[in-house]
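As structure tokens, the structure follows; a few thoughts come after it.
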Amino acid sequence: MSDHVDQLVDRIAGELNAVRWADPAQLRATARRRTLRSVVAVPVVVLVLVAGVWATVGTGPGGRVPDVAASRSGPTVMASPSPTGAPSPSTPAGTPSTGTAPPEVPVEALLQAEDVGTDAILDNQYMSLPGEQGFVFGHDECPAYAGLKIVAPLRHTAGRGHTVVTGDPHDADSDRVFVNTRRYTAKDAAQVLADARRFVRACRSYRAGTEASTERNPAHAEISWSVLAEGFAGDESVLVRQRYVSVLDSTGESAGQGALALYALIRVRDVVTIVHLQQDQPERIKALSVKAAVRLCVMVPSCR
Amino acid sequence: MSRADDYDELYRASRGRLLGYVYALTGDVTEAQDAVQEAFIRAWQRWATVGSHENPEAWLRVTATRIAISGWRRARNRARAHVRHGTAQAVSGPDGDTVDVVAALRRLPEEQRVALALHHLLGMPVKDIAAETGAPVGTVKARLSRGRVALAGLLGTEWEVHDV
């Protein structure tokens, strides 16, 4: 079936070749205009505030309210310079339209290749903006999940992730350490770990569907979660183990799939790092977590 | 090579892949193209960071996806709000079979659609999809498997199911 899907997606890619694209110079010009606009807007806001204070202080209590004409001629006009007329791709609503860059997580704040091994490399690096990532464990199929009303982990203000690979990055069997670091408000950061514990308590053991199930041999997955350790790194930390096995409905025997995975959540102030292994190596992940906590100090001054 | 040259080269090399991926997620080629170009604009605004990434295309993909999905949801909500005045605009762009495939993709749950697009359009290994989407490997495999079966059903195709 993969071949058929690949043919379909090849067809999609082929037909999209006819799309006409904006010149990259136009995109760069649009980016520059937006950045300029945001830079101009800040001093204008300050100027308006100062002008407001001056108007209030200068006229004293009961002073005359500035007339509309005076306001119109004020500096606020400068806050929104008109576009230069160059084409600008549309900006969907619900996304920031100004050039103000969100607070970012620097790559140095994440566990690095040398923390894992001398021949490890970084792979699959990405950044995520607010609202882009889900629950830290990703297991929203747990029947109790909806009732937990978990929201704090989804409200990160900036995020970055990468994979530390030892061996060939194209080989699925190479050793991988998955790292994801997210900045929150201080309150949400603490809640992320609290929610992780609540999740484990509520989803200690449950059944779910499995791809190992066939018409001839129906099967299900049995998934369980447990807290293995706490307080081993950073201001606060929790180590969670996930066990996943697929079981034949008829006999209760293994349907061929099973895995153990570990998630370490480490919080330092308002930053949370998640270190994830798809192997059952608790001592290794705790040692990596200590290094990950030290790395977070790049984002949290005087944290050591 | 200058910073602008690096940017332009990345734009030309990756925009097609990104468009195919976002189009598969949203089913609207215009919205997908807007999202990809918007992501490139934002990339230039912070090129010092994005350009130094080992894989800036991953950043662009995540950003374009977020833009497109929020745009698509907005359009969907708008369509619902104005249902008495007619349905949402028809998909523009490619015709025929491709539109059928993408329309079928849009009927899949979002997580299955994302898994199929990442794996088949971008060639990402299952483990990397698992890390990027925050789902275990078994779950990603299940999403791919179910997504393919559902897609086959929607397209009226009878395919034999194999492993990922």
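Key figures
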read-out: Residue list for region B:16-40, filter: free of Cβ contacts under 8 Å to residues at least 40 places away in the same chain and either buried (at least 23 other Cβ atoms within 10 Å of the Cβ) or more than 7 Å from every other protein chain (Cβ to nearest Cβ) (or both); value: B:Leu19, B:Ala32, B:Gln33, B:Ala35, B:Val36, B:Gln37, B:Glu38, B:Ala39, B:Phe40
read-out: Contacts under 6 angstrom Cβ, first residue in region A:223-236 being assigned by TED's automatic domain parsing to the domain that holds A:Phe137 and within 16 Å of A:Ala144 (Cβ to Cβ), partner modelled with pLDDT under 95 and among the hydroxyl-bearing types (Ser, Thr, Tyr), 6 or more apart; value: A:Ile223/A:Tyr206; A:Ile223/A:Tyr244; A:Ser224/A:Ser205
read-out: Identity of the residue in region A:23-37, surrounded by 15 or more Cβ atoms within 10 Å (Cβ to Cβ) and more than 8 Å from chain B (Cβ to nearest Cβ), that ends up modelled with the lowest pLDDT; value: A:Arg37
read-out: Test: residue in region B:51-58 that is open to solvent by 10 Å² or more (accessible area, probe 1.4 Å), at the interface with another protein chain (Cβ under 8 Å from one of its Cβ atoms) and in a helix (DSSP H, G or I); value: no
read-out: Region A:162-175: number of residues that are open to solvent by 10 Å² or more (accessible area, probe 1.4 Å) and not in a loop (DSSP other than H, G, I, E, B); value: 2
read-out: Residues located in region A:243-273, provided they are among the aliphatic types (A, V, I, L, M) and either in contact with a helix residue (DSSP H, G or I) (Cβ under 9 Å, 6 or more places away or on another chain) or in a helix (DSSP H, G or I) (or both); value: A:Ala259, A:Ala261, A:Leu262, A:Ala264, A:Leu265, A:Ile266, A:Val268, A:Val271, A:Val272
read-out: Whichever residue in region A:176-190 is buried (at least 22 other Cβ atoms within 10 Å of the Cβ) and charged (D, E, K, R) and, among such residues, is nearest to B:Leu122 (Cα to Cα); value: A:Arg176
read-out: Scope region A:198-224; condition surrounded by 22 or more Cβ atoms within 10 Å (Cβ to Cβ) and either within 30 Å of A:Val300 (Cβ to Cβ) or of a type in the set (Phe, Trp, Tyr) (or both); matching residues; value: A:Phe199
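Table: residues versus (1) among the β-branched types (Val, Ile, Thr); (2) open to solvent by less than 30 Å² (accessible area, probe 1.4 Å); (3) in the same structural domain as A:Asp115 (by TED's automatic domain parsing).
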{"site": "A:Tyr244", "(1), (2), (3)": "no, yes, yes"}
{"site": "A:Gly252", "(1), (2), (3)": "no, no, yes"}
{"site": "A:Leu260", "(1), (2), (3)": "no, no, yes"}
{"site": "A:Val271", "(1), (2), (3)": "yes, yes, yes"}
{"site": "A:Gln278", "(1), (2), (3)": "no, no, yes"}
{"site": "A:Gln281", "(1), (2), (3)": "no, no, yes"}
{"site": "A:Ala287", "(1), (2), (3)": "no, no, yes"}
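The values are calculated or read from the model by the stated rules, or taken from the named source; none is laboratory data. Remember, predicted model here, so these are calculated numbers, not experimental data. Cβ sites come from the backbone with ideal geometry, for glycine too, and all protein chains shown count toward neighbours. Areas reflect the complete protein model, heavy atoms only, side chains present, ligands, DNA and RNA absent. Shrake-Rupley method; radii C 1.70, N 1.55, O 1.52, S 1.80 Å.
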